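**Student:** Mind looking over this structure? Questions follow.
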Amino acid sequence: MGGTARCAAGGRPGALPSRESDVLQRPSHGQSLISMLMDLAAPETRAAGLAELQSQGYLTPELQDVWTAELSKPRYTSRHLSGIIAPERVRIQKLLRQVGGELTAVKTQTVIANFSRALEFAGHGHRLEAARIRQSRILDFGSGVWSSLSAAIMLYAIGFAQADAFEPFPIGPDMVTESVFETIRWLYETPASFALLGGTPQEMKQRVAALDFTDLEEKLTRLNDGPGVVSFGPVRLFNNTDMMENGHYDLVCSNSVLEHVEDMPGSLARQREILKDDGVCVHTVDFTDHRAIAPDQDIADSFQMYYDGILDEVNGLRAGDMEALFILGGFQGATVHLVTAPEGYVDQSRVVERFAHYSLSDLSAAVNSYVLTKV
Ligand SMILES: C[S@@+](CC[C@H](N)C(=O)[O-])C[C@H]1O[C@@H](n2cnc3c(N)ncnc32)[C@H](O)[C@@H]1O
């Protein structure tokens, strides 16, 4: 690689709800009640939210003034609405724990922060200037099966012209719906903490309010029927890359994905096609043994695969292999070493044959980011 840098790692229709439990039904059924309620929470989107409620039959025209007066009371601030939905949040987190998934605002923030930092370290910080990102299209490559849209929604909220997500495996429509709900809640509850790259809380809320999540769960369910894309406006979820336009993206980023890809040459070739000629890919690759972070596995060594030869849902490629594949795929770029095993951590004397030919530096790379441009 060219350069190297180092950094630390329903209420009843027509009736004003009288109890909190009437306010929110599980939002994923039928109408996009979630986005309507979120609209109601913010003063700047309230009128649109009320109009939408009316068009969906939740509100009669006669009661419009009553609702307007009621909703201007402090108890209907977004923070209060978030409090009402707390039990729903507990349910989501429980479900996610059961499936070993992860959904937290911190995770999404970390993903975005890592990718920004890698661009800056590699001398591409100018690509994140507010004026530029407003004209940039970004793709979250391998966005996950449980919270497939979270990063894309956040990226759109903070200012990208378009933020798409790509996940090739069948998604969990229920979980993805819930995670969209969670993402919007984070945004409304703590917009300042997501106001990265020049986005302002007010602008971010307005951008997310403009996304159309009508019939979200149904659309996500249909996506699992075959190759397709679901569009929410400037945020889309693809389950294949063939439907993407060539030369479309300014940025293709991934987090913890390339170590799972089976056909790396094929994947890189397609990434190169969908990227603009002056576009950039930012991939953060986790080279550690994923069993070490799985709650159901009793593995203490972050590189256990070196000693038992077992590859658990990873391709086993080491940093040097990845870098060679990038070059063969027509990319050049920089490596940002985010986490490296400390000296003495990897015991080369015990390494199984499959990993025996690697250098200590290759074996010690735990998490790297790669910033790639077309040659
Ligand atoms: C560890 S998860 C990371 C998900 C998400 N990027 C995140 O940070 O939470 C790895 C993801 O890579 C996806 N994946 C596996 N093979 C892929 C491929 N060939 N192309 C794109 N994504 C792939 C998996 O389906 C999974 O969603």
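The values are calculated or read from the model by the stated rules, or taken from the named source; none is laboratory data. Quick caveat: nothing in here was measured; it's all calculated off a predicted structure. In this analysis, Cβ positions are derived from the backbone assuming ideal geometry, glycine residues included, and neighbour counts consider all displayed protein chains. The area values use the complete protein model at the heavy-atom level, side chains included, leaving out ligands, DNA and RNA. Shrake-Rupley method; radii C 1.70, N 1.55, O 1.52, S 1.80 Å.
**Student:** Of the conditions (1) in contact with a helix residue (DSSP H, G or I) (Cβ under 6 Å, 6 or more places away or on another chain); (2) more than 14 Å from ARG236 (Cα to Cα); (3) within 13 Å of the ligand (Cβ to nearest atom), MET175 clears all except one; give me its number.
**Tutor:** Here MET175 clears every test but (1).
**Student:** Does the range 162-178 include one or more residues that are more than 23 Å from GLY226 (Cα to Cα), assigned by TED's automatic domain parsing to the domain that holds GLY279 and touching an Asp or Glu at 6+ places or on another chain (Cβ under 8 Å)?
**Tutor:** Scanning the range 162-178 turns up no residue that is more than 23 Å from GLY226 (Cα to Cα), assigned by TED's automatic domain parsing to the domain that holds GLY279 and touching an Asp or Glu at 6+ places or on another chain (Cβ under 8 Å).
**Student:** Ok, one more. On the given criteria, is ALA294 of a type in the set (A, V, I, L, M, F, W, C) and either crowded, with 18+ Cβ neighbours inside 10 Å or more than 22 Å from the chain's Cα centre (by Cα) (or both)?
**Tutor:** No.
**Student:** How many residues, within the range 143-172, are within 13 Å of the ligand (Cβ to nearest atom), part of a helix (DSSP H, G or I) and out of contact with any strand residue (DSSP E or B) (no Cβ under 6 Å at 6 or more places or on another chain)?
**Tutor:** Result for the range 143-172: 2.
**Student:** Out of the range 239-253, which residues are outside any strand (DSSP E or B) and surrounded by 15 or more Cβ atoms within 10 Å (Cβ to Cβ)?
**Tutor:** ASN239, THR241, MET244, HIS248, listed by residue number.
**Student:** Related question: Examine the range 199-214 for a residue that is within 16 Å of the ligand (Cβ to nearest atom), more than 22 Å from ASP278 (Cα to Cα) and in the same structural domain as LEU311 (by TED's automatic domain parsing), and state whether such a residue exists.
**Tutor:** No: the range 199-214 contains no residue that is within 16 Å of the ligand (Cβ to nearest atom), more than 22 Å from ASP278 (Cα to Cα) and in the same structural domain as LEU311 (by TED's automatic domain parsing).
**Student:** Pick from the range 116-142 the residues that are open to solvent by 10 Å² or more (accessible area, probe 1.4 Å) and within 16 Å of the ligand (Cβ to nearest atom): which of them is farthest from LEU237 (Cα to Cα)? Step through it out loud before you land on a result.
**Tutor:** Quick first cut of the range 116-142, residues open to solvent by 10 Å² or more (accessible area, probe 1.4 Å) only: 116-117, 120-132, 134-135, 137, 140-142.
Right, trim to within 16 Å of the ligand (Cβ to nearest atom) and you get 116-117, 140-142.
On the way: SER116: 22, ARG117: 25, ASP140: 9, PHE141: 10, GLY142: 11 Å.
The residue in question is ARG117.
**Student:** Please work out which residue is surrounded by the fewest Cβ atoms within 10 Å (Cβ to Cβ), limiting yourself to the range 337-359 and to residues that are charged (D, E, K, R) and closer than 12 Å to TYR307 by Cβ.
**Tutor:** GLU353
**Student:** Right, next: Can you tell me which residue within the range 252-272, out of those that are among the β-branched types (Val, Ile, Thr) and closer than 19 Å to ALA151 by Cα, is nearest to the ligand (Cβ to nearest atom)? Walk me through it before giving the result.
**Tutor:** In the first step, residues of the range 252-272 are kept if they are among the β-branched types (Val, Ile, Thr); the result is 252, 257, 261.
Narrowing the set further to residues that are closer than 19 Å to ALA151 by Cα leaves 252, 257.
Working: VAL252: 11, VAL257: 4 Å.
Within the range 252-272, the match that is nearest to the ligand (Cβ to nearest atom) is VAL257.
**Student:** Need a quick list: helices (runs of 4 or more DSSP H) entirely within the range 183-238 having at least 2 residues that are in contact with a helix residue (DSSP H, G or I) (Cβ under 9 Å, 6 or more places away or on another chain), under 21 Å from ILE158 (Cβ atoms) and not β-branched (Val, Ile, Thr).
**Tutor:** Those helices (runs of 4 or more DSSP H) span 191-194, 201-209.
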